Amino acid sequence: MENQINGIHHITAIAGKAKRNVDFYTKTLGLHLVKKTVNFDDPNTYHLYYGDKVGTPGTILTFFPWEGITAGRRGARQVTEIGYSVPENSLDFWLKRLEDHNVIYNKVSEKFGEQYLSLLDPDGLKLELTVAKKQDNRLPWETDEIKAENALKGFHNITITTNKMQPTADVLTGVLGYRLLEQHVNRYRFINDNVDNANIVDLVEVAGEVAGHVAGGSVHHVAFRVKDEKTLMEYRDRVEKLGLHITDKIDRNYFYSLYFREPGGVLFEIATDNPGFAVDESVEELGTHLMLPAQYEVQRNQIEQVLPSLV
Ligand code: ZN
């Protein structure tokens, strides 16, 4: 876990209506709302984090909900699928649940010998529920309706659609510690062996695919995980040596971050495990209060009036 990339830290996507987003991820899919805060660059909108009990890196999906945003379009130069790991024998439960909740989904299919089903969230973001070949021992968050035998355990893989896989592959293997694991037609599966899960990136190469449009229902960026700020800054040097532009270190309250755009067009972030989500709320109370970064506390009344209701 030292001085290396440890798979995926979090994924951030864009949504429309905030309440609809909360209802879908906490009720229909049974994730834990780990943090309710605002977009640090646009404090009159939410930034919502979903994950396991404590928001362990590798389980965190975050959203910027903008009430009236137009729909994005899946396409090249994007993360086009977000794959969650689910327990063995849980896919029948999910097929029934998605049907009962009027979710758009596809029947169970298979890739690289793993069964999965794909679905769309209310904004059209494409998710997959996959039974991983390798046993996933992570403890999921449970709800009254979704117990551990069926619950989402955290990320399994992400899929990036690209016109040309090699430049992105070079960043994955040359900097981020991934290796090519398997290939099937135009899907290349890369794995990071430093951790046991949330460690797969699939590149799908489609030469003629039009670039996607990042708006409602699309992924904004994917963050890779490092232990601490010292490691973060070592990676800053490594990315810079490739000739890519990378930001300075940014304090995101719950982690420290760097951002760079990989040559295939996807915004990558590197984020630290520290300090974590319990820095401003106890573990038992995670996600129950509106948490504001210090610079916005003075505007709390105004912000609370503008933010849409989540209940
Ligand atoms: Zn991020």
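Applying the selection to the stretch 207-239, what residues are in a strand (DSSP E or B), away from the ligand (no atom under 14 Å from the Cβ) and open to solvent by 70 Å² or more (accessible area, probe 1.4 Å)? Within the stretch 207-239, just H213 meets the criteria. Of everything in the stretch 256-290, what is within 16 Å of the ligand (Cβ to nearest atom), in contact with a helix residue (DSSP H, G or I) (Cβ under 9 Å, 6 or more places away or on another chain) and not small (G, A, S)? Give them in sequence order. Those that are within 16 Å of the ligand (Cβ to nearest atom), in contact with a helix residue (DSSP H, G or I) (Cβ under 9 Å, 6 or more places away or on another chain) and not small (G, A, S): Y256, L258, F260, E262, V266, F268, I270, T272, N274, F277. Could you please let me know if T37 is hydroxyl-bearing (S, T, Y), within 16 Å of the ligand (Cβ to nearest atom) and either touching a residue at least 12 places away in the same chain (Cβ under 8 Å) or farther than 21 Å from V283 by Cα (or both)? Yes: the conditions hold for T37. Summed over the stretch 240-265, residues that are open to solvent by 60 Å² or more (accessible area, probe 1.4 Å), out of contact with any strand residue (DSSP E or B) (no Cβ under 7 Å at 6 or more places or on another chain) and within 26 Å of V34 (Cα to Cα) total 1. Scanning the stretch 1-55 for residues that are touching a His at 6+ places or on another chain (Cβ under 7 Å) and aliphatic (A, V, I, L, M) gives A13, I14, V38. Screening the stretch 152-199 for strands (runs of 3 or more DSSP E) wholly inside it with 3 or more residues that are touching a strand residue (DSSP E or B) at 6+ places or on another chain (Cβ under 6 Å) and surrounded by 15 or more Cβ atoms within 10 Å (Cβ to Cβ) returns the ranges 154-162, 187-192. Condition (residue is out of contact with any Leu (no Cβ under 6 Å at 6 or more places or on another chain), open to solvent by 30 Å² or more (accessible area, probe 1.4 Å) and within 25 Å of K36 (Cβ to Cβ)) applied to the stretch 89-107: is it met by at least one residue? Scanning the stretch 89-107 turns up at least one residue that is out of contact with any Leu (no Cβ under 6 Å at 6 or more places or on another chain), open to solvent by 30 Å² or more (accessible area, probe 1.4 Å) and within 25 Å of K36 (Cβ to Cβ).
For the residues K147, K134, the requirement of being among the basic types (K, R) and touching a residue at least 12 places away in the same chain (Cβ under 8 Å) singles out K134.
This table checks each residue for (1) part of a helix (DSSP H, G or I); (2) over 13 Å from H220 (Cβ atoms); (3) under 12 Å from the mean Cα position of the chain (by Cα).
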{"position": "V22", "(1), (2), (3)": "yes, yes, no"}
{"position": "G30", "(1), (2), (3)": "no, yes, no"}
{"position": "L33", "(1), (2), (3)": "no, yes, no"}
{"position": "P43", "(1), (2), (3)": "no, yes, no"}
{"position": "H47", "(1), (2), (3)": "no, no, no"}
{"position": "Y50", "(1), (2), (3)": "no, yes, yes"}
{"position": "V54", "(1), (2), (3)": "no, yes, no"}
{"position": "F63", "(1), (2), (3)": "no, no, yes"}
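The values are calculated or read from the model by the stated rules, or taken from the named source; none is laboratory data. Predicted, not measured: the structure shown is a model, and the values here were computed from it. Cβ coordinates were reconstructed from backbone atoms using ideal geometry, including for glycine residues, and neighbour counts include every protein chain displayed. These accessible areas exclude ligands, DNA and RNA; they are computed on the full protein's heavy atoms, side chains included. Shrake-Rupley method; radii C 1.70, N 1.55, O 1.52, S 1.80 Å.
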